[in-house]
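Dropping the structure in here first, questions after.
Just so you know, all these numbers are worked out from the coordinates, no wet-lab data involved. Please read all numbers here as calculations on a predicted model, not as lab measurements.
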Amino acid sequence: MIVNNRLNVGVKLYFLLYDTDLDVIYAADGSRTARMGFDFSRNVTSSFEVHGEIAHIRDNRRQTLDAAGVVHAETADATSGLLGIRHLTTFDLTTIIEYYHNGAGFDSDAMENYFGYIKRGFDVYRTTGNAAMMGTAQNLAAAGYGRANPMEDYLYLKFSQKEPADILYFTPSIAGMVNLRDGSFSVTQELLYTGITNLEMRLRAAFIQGGSNTEFGEKAADCRIELRVGYYF
């Protein structure tokens, strides 16, 4: 594949070793720096599964903001990983627990610097009409601060029950994501119905909790309710 006039060469290998699914992925230097990844999944029993992933990026580039509001460009190798389990009970309750480490993520100080910079920039804009700091904050968001899960360590937990009380094609679930660095978190409840051919309906309610200058605490809304309808043809 050619991107930005650079040739991107990659390879993916799949193995089945002692009843364990293994994937190895490698991408050579191209439009991005070289990177490689590995994942596995193994059914320890018929109802208990263990899975994990690890990824390494060479010369990962990112921009960070210090307490004085100065932007620094950094280049360093980054290694990320995930380890999780999945369990299914005899009454069809599925539990998923995962720990995720983002090696390219920001620590609590870096995020506090960013949120503080936004607030100072907004004050300057209201007072003088100068939006330069707000523009810089927007560029930093696009460069990494605004991505999903931009910090370093997370815990994910999900419970889903298939067809409770014998209600066919109905699956309710509840999931939570906790930022282990700043203690903020989100909880999402979902009702899924697939009883109509080629039609899928999801009703979701998400609730966010966190203090000032925390990832989830600084989200634009404390709660969100949405209905998604998908039709397949």
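By its C-alpha gyration tensor, with a ≥ b ≥ c as the square roots of the eigenvalues, how is the stretch 15-131 shaped: rounded for a/c under 1.5, else prolate for a/b larger than b/c, else oblate? Mind showing how you got there, number by number?
Working: a/c = 4.19, a/b = 1.86, b/c = 2.25.
It is oblate, given that a/c is not under 1.5 and a/b is not larger than b/c.
With a ≥ b ≥ c taken as the square roots of the eigenvalues of the C-alpha gyration tensor of the stretch 100-233, please select rounded if a/c is under 1.5 and otherwise prolate if a/b is larger than b/c or oblate if it is not? Walk me through the intermediate numbers first.
On the way: a/c = 2.83, a/b = 2.04, b/c = 1.39.
Taking the square roots of the gyration eigenvalues as a ≥ b ≥ c, the stretch 100-233 is prolate.
Restricting to bridges with both residues inside the stretch 86-206, how much of the DSSP beta-bridge set is antiparallel, in percent to the nearest 5?
Details: 35 of 36 bridges.
Roughly 95 percent of the beta bridges in the stretch 86-206 run antiparallel, per DSSP.
Name the shape class, rounded, prolate or oblate, that the alpha-carbon gyration tensor gives for the chain, where a ≥ b ≥ c are the square roots of its eigenvalues, rounded holds for a/c under 1.5, and otherwise prolate holds if a/b is larger than b/c and oblate otherwise.
On the way: a/c = 2.01, a/b = 1.29, b/c = 1.55.
It is oblate, given that a/c is not under 1.5 and a/b is not larger than b/c.
Can you give me the C-alpha center-to-center distance between the stretch 74-91 and the stretch 9-35, rounded to a whole angstrom?
17
Next up: Considering only C-alpha atoms, what is the centroid distance from the stretch 106-121 to the stretch 158-233, in Å?
Measuring centre to centre over Cα atoms gives 28 Å.
Quick one: helix 108-128 against the long Cα principal axis of the chain, what's the angle to the nearest 10°, folded into 0 to 90?
Value to nearest ten degrees: 50.
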